[in-house]
1. Residue under question is LEU260, and the condition is that it be buried (at least 20 other Cβ atoms within 10 Å of the Cβ), assigned to a loop (DSSP other than H, G, I, E, B) and not basic (Lys, Arg); does it hold?
2. Given the options GLY252, GLY235, GLY310, GLY278, name the one that is out of contact with any Leu (no Cβ under 9 Å at 6 or more places or on another chain) and either within 30 Å of ASP370 (Cβ to Cβ) or buried (at least 21 other Cβ atoms within 10 Å of the Cβ) (or both).
3. Please state which one of SER184, SER239, SER194, SER210 is within 16 Å of the ligand (Cβ to nearest atom) and assigned by TED's automatic domain parsing to the domain that holds LEU137.
4. Take the conditions of a type in the set (A, V, I, L, M) and touching a helix residue (DSSP H, G or I) at 6+ places or on another chain (Cβ under 6 Å) and apply them to ALA313. Does it pass?
5. Please go through the range 94-145 and pick out each residue that is in contact with a Cys (Cβ under 6 Å, 6 or more places away or on another chain) and either in a helix (DSSP H, G or I) or modelled with pLDDT under 95 (or both).
6. Assuming GLY45 fulfils every condition listed in (1) in contact with a strand residue (DSSP E or B) (Cβ under 7 Å, 6 or more places away or on another chain); (2) more than 30 Å from GLN130 (Cα to Cα) apart from one, which condition is it?
7. Could you check how many residues of the range 39-64 are buried (at least 20 other Cβ atoms within 10 Å of the Cβ) and part of a helix (DSSP H, G or I)?
8. Has the range 146-155 got any residue that is within 16 Å of the ligand (Cβ to nearest atom) and touching a Lys or Arg at 6+ places or on another chain (Cβ under 9 Å)?
Amino acid sequence: MSMQNPVFIPGPTNMPEVLRRACDLPTMDHRSTAFAEILHPVLAGVKQILKSSEAEVFIFPATGTAGWEAAITNTLSPGDKVLAARNGMFSHKWIDMCQRHGLEVQVIDVAWGDGLPVDTFAHILADDTQHQIKAVLATHNETATGVVSDISGVRQALDAANHPALFFVDGVSSIGSMPFEFDSWGVDIAVTGSQKGFMLPAGLAIIGVSPKAMAAIPTAGLARTFLDIRDMAAGYDASAYPYTPSVGLLNGLKLSCDMLLDEGLPQVFARHTRIADGVRAAVEAWGLQLCATSPDLYSNTVSAIRTPDGFDASRIVSHASERYGVAFGAGLGDVAGKVFRIGHLGMLTDVVALSGIATAEMCMVDLGLDISLGSGVAAAQDIYRTSAAPMALAAE
Ligand SMILES: *Cc1c(COP(=O)(O)O)cnc(C)c1O
């Protein structure tokens with residue numbers, strides 16, 4: 001008997017059984033035509049999910065963090081100036097990486113719970129008439145705070161200033177779950193990984209690269225070897241890799257792209273919205289606040305929930321794990337102990353979401369918070385009963 005509960009962390013996410021099986025392949029020669037028949041559909045599928053007709057897709061046997069590093073080391077030189085806002089742990093870590101690589105980062109600090117400050121980006125870019133800023137970094141969905149930012153707004157800030165900086169977007173916890181528009185947002189490099197919206201094990205760093213970013217590669221001065229896009233591109237031309245790829249994971253990614261595209265991206269996004277609406281209704285019924293400071297910032301893949309002052313939110317996470325065998329996300333960095341997170345992306349249904357909401361409720365009551373059992377569940381039930389629920393995943 002399986003005692004396995006679903007996880008409610010914002011990655012790694014729950015894996016559909018068919019994807020687990022797709023990753024389980026016998027050994028394959030990665031220089032064979034059989035491998036090419038996995039690789040090329042994967043690259044095409046990711047491109048479609050990015051909503052791009054022109055991006056080149058590269059996939060490293062690594063994780064999202066390596067995608068950040070591939071973006072900066074392939075396009076920038078030591079001492080180059082980059083502009084980035086810090087509104088949570090993930091944007092912070094990307095900034096830290098840039099600094100460790102000897103880039104000069106102009107950091108815009110905003111409160112954790114706020115979105116990327118588009119107006120501040122606009123002012124700074126307009127003032128940079130010498131075009132010293134070589135790249136703008138943006139975290140689309142700040143997984144630490146449950147905040148989704150206005151990426152098209154940042155693109156408009158670049159365009160309004162007629163600024164030539166490259167535009168790099170972390171879409172690790174949004175791509176494949178929330179609308180992402182590589183071409184129309186003018187993204188130069190998009191970064192994601194396999195273990196969030198793609199519902200696979202961790203192990204693939206996935207990036208999409210615009211022609212403009214590709215053109216910056218030959219003159220970029222930062223050192224890179226394993227993550228050198230030139231080697232990867234040369235390998236792909238021969239339907240191979242510059243080293244040994246994770247063939248099983250790539251086969252899983254091929255099926256994951258098919259599943260997302262068969263369900264239809266608008267339907268995938270609507271499913272995430274509906275499930276998130278249920279979680280948010282529960283939070284409201286509990287009388288708690290989200291970390292995200294306004295509704296336009298609410299993430300449809302993760303909710304960071306503030307607990308009352310003086311209550312250590314991490315107790316909910318450890319209690320859920322020890323008492324009920326359920327994983328929620330802890331608060332990170334500035335919001336450690338102040339929030340706990342419910343991840344609601346990837347393979348989720350209304351019914352699974354209800355079990356997570358019910359478990360969070362039991363934990364909060366067990367720990368003495370003034371919350372009535374069933375209040376959040378009932379609020380979410382109202383959302384799920386009254387909104388159309390296509391059973392797309394069940395059909396798999
Ligand atoms: C998970 C995550 C990362 C890091 O990805 P890894 O695969 O853990 O290296 C980066 N950015 C965001 C927004 C994330 O959610």
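The values are calculated or read from the model by the stated rules, or taken from the named source; none is laboratory data. From a predicted model like this one, the values you see are computed outputs, not experimental measurements. Every residue, glycine as well, gets a Cβ built from its backbone with ideal geometry; the counts of neighbours run over all protein chains shown.
1. So LEU260 does not fit the description; no.
2. Among GLY252, GLY235, GLY310, GLY278, only GLY310 is out of contact with any Leu (no Cβ under 9 Å at 6 or more places or on another chain) and either within 30 Å of ASP370 (Cβ to Cβ) or buried (at least 21 other Cβ atoms within 10 Å of the Cβ) (or both).
3. Unique residue meeting the criteria: SER194.
4. Working: of a type in the set (A, V, I, L, M): yes; touching a helix residue (DSSP H, G or I) at 6+ places or on another chain (Cβ under 6 Å): no.
No: the conditions fail for ALA313.
5. Filtering the range 94-145 for residues in contact with a Cys (Cβ under 6 Å, 6 or more places away or on another chain) gives 105, 113, 145.
None - no residue of the range 94-145 is in contact with a Cys (Cβ under 6 Å, 6 or more places away or on another chain) and either in a helix (DSSP H, G or I) or modelled with pLDDT under 95 (or both), so the list stays empty.
6. Failing condition for GLY45: (1).
7. 8
8. Within the range 146-155, the subset within 16 Å of the ligand (Cβ to nearest atom) is 146-151, 154.
Those left that are additionally touching a Lys or Arg at 6+ places or on another chain (Cβ under 9 Å): 146.
Scanning the range 146-155, I find at least one residue that is within 16 Å of the ligand (Cβ to nearest atom) and touching a Lys or Arg at 6+ places or on another chain (Cβ under 9 Å), so the answer is yes.
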